[in-house]
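Reviewing the structure listed below.
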């Protein structure tokens with residue numbers, strides 16, 4: 001049995017999979033806000049509950065909104081700030097009396113889709129999270145690529161250059177500050193809040209992305225323009241990934257992955273930025289939806 005845990009900012013979810021990926025059980029609880037030891041206890045309680053109900057002992061993989069430092073082994077780069085600097089892996093292993101594998105939640109998403117999702121069978125997979133934040137994960141030949149600094153795939157904190165589209169929210173040199181402390185990160189433009197802020201700066205109205213999409217479909221010119229700016233930026237940002245990684249397939253996840261027009265429009269736009277006579281990389285939607293992260297955590301132990 002493979003146990004996967006998705007440790008999010010608002011919820012902690014656990015899934016139990018059999019060796020073929022069949023779901024045996026799933027459960028979720030609220031994340032104890034700002035309480036590190038409370039979070040550890042909640043994870044341990046979920047594992048104990050599932051193993052009691054299934055009468056089976058499982059391997060444990062955990063997806064976290066951050067990464068483990070190669071230097072200290074503690075959590076870094078987490079937007080759930082109570083985890084930062086904490087020995088989460090060590091504390092979970094001590095409490096559960098077995099090895100626990102941890103990975104960034106975007107890596108877990110990419111692994112899930114590469115294992116038995118939309119990218120199954122592909123050699124090089126780039127998994128993208130477009131939601132409250134922007135993240136990414138890389139899977140090569142079925143294995144997560146973490147990198148020397150445990151930041152492989154973190155394209156959301158690169159700078160997006162040449163934002164020269166007319167009427168852009170970055171005109172006159174404006175770049176939004178990012179929670180990471182830098183300015184002008186891709187995340188500030190391609191996240192859900194980024195789209196909302198872009199629309200507000202240009203049009204003076206606050207609309208959430210689903211409303212922008214709905215109004216664009218209804219023919220509202222301002223919302224259509226917001227989506228076109230978003231598509232142009234996404235195409236340019238992903239073209240940088242393709243030029244460096246050259247993946248077989250890019251899988252989108254997160255709330256903004258539900259914008260169906262992205263899968264046609266973005267590949268039509270990215271070719272001019274890619275150093276190739278043709279672009280064979282496919283852009284696809286995820287297969288497992290919100291379940292990808294927790295399933296990928298389970299697959300940290302392989303099939």
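Out of 252, 227, 238, one residue alone is in a helix (DSSP H, G or I), under 19 Å from residue 130 (Cα atoms), in the same structural domain as residue 280 (by TED's automatic domain parsing) and in contact with a strand residue (DSSP E or B) (Cβ under 9 Å, 6 or more places away or on another chain). It is 238. From the list 222, 232, the lone residue that is assigned by TED's automatic domain parsing to the domain that holds residue 267, under 17 Å from residue 161 (Cα atoms) and either in contact (Cβ under 8 Å) with a residue 40 or more places away in the chain or surrounded by fewer than 24 Cβ atoms within 10 Å (Cβ to Cβ) (or both) is 232. Only one of the listed residues (15, 43, 71, 75) is within 26 Å of residue 145 (Cα to Cα), exposed (fewer than 14 other Cβ atoms within 10 Å of the Cβ) and outside the structural domain of residue 132 (by TED's automatic domain parsing). That residue is 71. Taking residue 188, is it at pLDDT below 85, surrounded by 16 or more Cβ atoms within 10 Å (Cβ to Cβ) and touching a helix residue (DSSP H, G or I) at 6+ places or on another chain (Cβ under 8 Å)? Taking the combined requirement at face value, the residue does not satisfy it.
Going by the conditions given, is residue 105 farther than 25 Å from residue 286 by Cα, buried (at least 17 other Cβ atoms within 10 Å of the Cβ) and touching a helix residue (DSSP H, G or I) at 6+ places or on another chain (Cβ under 7 Å)? Lay out the reasoning, then the answer.
Details: farther than 25 Å from residue 286 by Cα: no; buried (at least 17 other Cβ atoms within 10 Å of the Cβ): yes; touching a helix residue (DSSP H, G or I) at 6+ places or on another chain (Cβ under 7 Å): yes.
Taking the combined requirement at face value, the residue does not satisfy it.
Give segment 279-292 a look and list any residue that's farther than 13 Å from residue 17 by Cα and at pLDDT below 95, or say none.
288, 289, 290
The helices (runs of 4 or more DSSP H) found entirely in segment 1-120 that carry 2 or more residues being touching a strand residue (DSSP E or B) at 6+ places or on another chain (Cβ under 8 Å), more than 29 Å from residue 250 (Cα to Cα) and at pLDDT 95 or above are 36-54, 88-96. Applying the criterion of being out of contact with any helix residue (DSSP H, G or I) (no Cβ under 7 Å at 6 or more places or on another chain) and surrounded by fewer than 21 Cβ atoms within 10 Å (Cβ to Cβ) to the residues of segment 125-145, the residue that is farthest from residue 178 (Cα to Cα) is 141.
Entry remark, segment 279-301: residues being under 17 Å from residue 123 (Cα atoms) and without any contact (Cβ under 8 Å) to a residue 60 or more places away in the chain number 5 in total.
Of everything listed in (1) in contact (Cβ under 8 Å) with a residue 24 or more places away in the chain; (2) over 17 Å from the mean Cα position of the chain (by Cα), the single unmet condition for residue 253 is (2). Mind listing just one residue for me: the one in segment 191-213 that is over 20 Å from residue 237 (Cβ atoms) and surrounded by 13 or more Cβ atoms within 10 Å (Cβ to Cβ) and, of those, farthest from the chain's Cα centre (by Cα)? Per the criteria, the residue is 203.
The values are calculated or read from the model by the stated rules, or taken from the named source; none is laboratory data. Not measured: the values here are computed from a predicted model. Please note: Cβ atoms are built from the backbone with ideal geometry, for glycine as well, and neighbour counts cover all protein chains shown.
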